[in-house]
Each structure stands twice: as structure tokens, then as C-alpha cells.
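Asks: Questions regarding the structure given below will be posed in turn.
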Amino acid sequence: MPGLQSFCIYAAIGIVAVFILQATFFVACFAVDQKRLEDRRNGFFFWIKYSETEFVPSSWSQKSYFQAVFDGFFSKVIFTTVGKVSQGK
């Protein structure tokens, strides 16, 4: 079936193209953002540059909310009798 064969070829080319895009473009974007962070520039208004005394990280960015939820809720559920039985041991 030539139609199915050509579809598979186009799908494979598309998957390879997406892989190359992720391996190059997004890594480059992260590198540019890291340079912005090291240069102490604002995330939204990138032309604003902060001095060392002027830049104060937000309290929201300094807390690990995922860790707090895991410690406060999931650890209590996992270590109950029901949680231990559902693990299969």
C-alpha cells in the first residue's frame, strides 16, 4: 500500500524534526534565560537590570511547595496500613 508507506515516511520525518527542534531550540532558549538570570535582568521587562543590593528574590520562588505537599499529605497517606497494603508488600 503506497499511501500507508508514504504516510509512515512523513510521520518519521516529522518525529525526527520535532526531536531536532527540542534538542536545539529549547536548549538554546534555556541558555539565553540562564544568561538573563546571571545578568540579574527582569523576566518580563528584560531591559531592566537590577543591582546586587536591589535584587531580592520573591518568597514564592524560595519555597518548595511540592515538597511541602508531599511531606504534609502524601507521606501520611503512604505510611498508613492501606497505603502499605496497596504497594503489594
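The values are calculated or read from the model by the stated rules, or taken from the named source; none is laboratory data. Everything numeric here is computed off the predicted structure, so don't read it as measured data. Virtual Cβ from ideal backbone geometry, glycine too; neighbours counted across all protein chains shown.
Asks: Anything in the range 1-32 that is among the β-branched types (Val, Ile, Thr) and either within 23 Å of GLY43 (Cα to Cα) or touching a strand residue (DSSP E or B) at 6+ places or on another chain (Cβ under 7 Å) (or both)? List them, or say none. Don't jump to the end; show me each part of the working.
Replies: Filtering the range 1-32 for residues among the β-branched types (Val, Ile, Thr) gives 9, 13, 15-16, 18, 20, 24, 27, 32.
Across the range 1-32, the qualifying residues are THR24, VAL27, VAL32.
Asks: Another question, if that's okay. If you check SER6 against the conditions, is it of a type in the set (Ser, Thr, Tyr), in a helix (DSSP H, G or I) and loosely packed, with under 10 Cβ neighbours inside 10 Å?
Replies: Numbers: of a type in the set (Ser, Thr, Tyr): yes; in a helix (DSSP H, G or I): yes; loosely packed, with under 10 Cβ neighbours inside 10 Å: no.
It is false that SER6 is of a type in the set (Ser, Thr, Tyr), in a helix (DSSP H, G or I) and loosely packed, with under 10 Cβ neighbours inside 10 Å.
Asks: Consider PHE46 carefully, then state whether it is within 20 Å of the chain's Cα centre (by Cα) and of a type in the set (A, V, I, L, M, F, W, C).
Replies: Numbers: within 20 Å of the chain's Cα centre (by Cα): no; of a type in the set (A, V, I, L, M, F, W, C): yes.
It is false that PHE46 is within 20 Å of the chain's Cα centre (by Cα) and of a type in the set (A, V, I, L, M, F, W, C).
Asks: Does the range 22-39 contain at least one residue that is assigned to a loop (DSSP other than H, G, I, E, B) and at pLDDT below 85?
Replies: If we filter the range 22-39 for residues that are assigned to a loop (DSSP other than H, G, I, E, B), which is where we start, we get 39.
Those still in the list that are at pLDDT below 85 too: none.
No; the residues of the range 22-39 include none that is assigned to a loop (DSSP other than H, G, I, E, B) and at pLDDT below 85.
Asks: Only residues that are assigned to a loop (DSSP other than H, G, I, E, B), modelled with pLDDT under 80 and of a type outside the set (Phe, Trp, Tyr): list them for the range 44-62, please.
Replies: GLU52, THR53, GLU54, VAL56, PRO57, SER58, listed by residue number.
Asks: For the range 1-43, give me the residue count where each residue is within 30 Å of SER58 (Cβ to Cβ) and within 17 Å of the chain's Cα centre (by Cα). Give the derivation first.
Replies: Filtering the range 1-43 for residues within 30 Å of SER58 (Cβ to Cβ) gives 22, 25-43.
Now drop any that are not within 17 Å of the chain's Cα centre (by Cα), which leaves 22, 25-34, 37, 43.
So the answer is 13.
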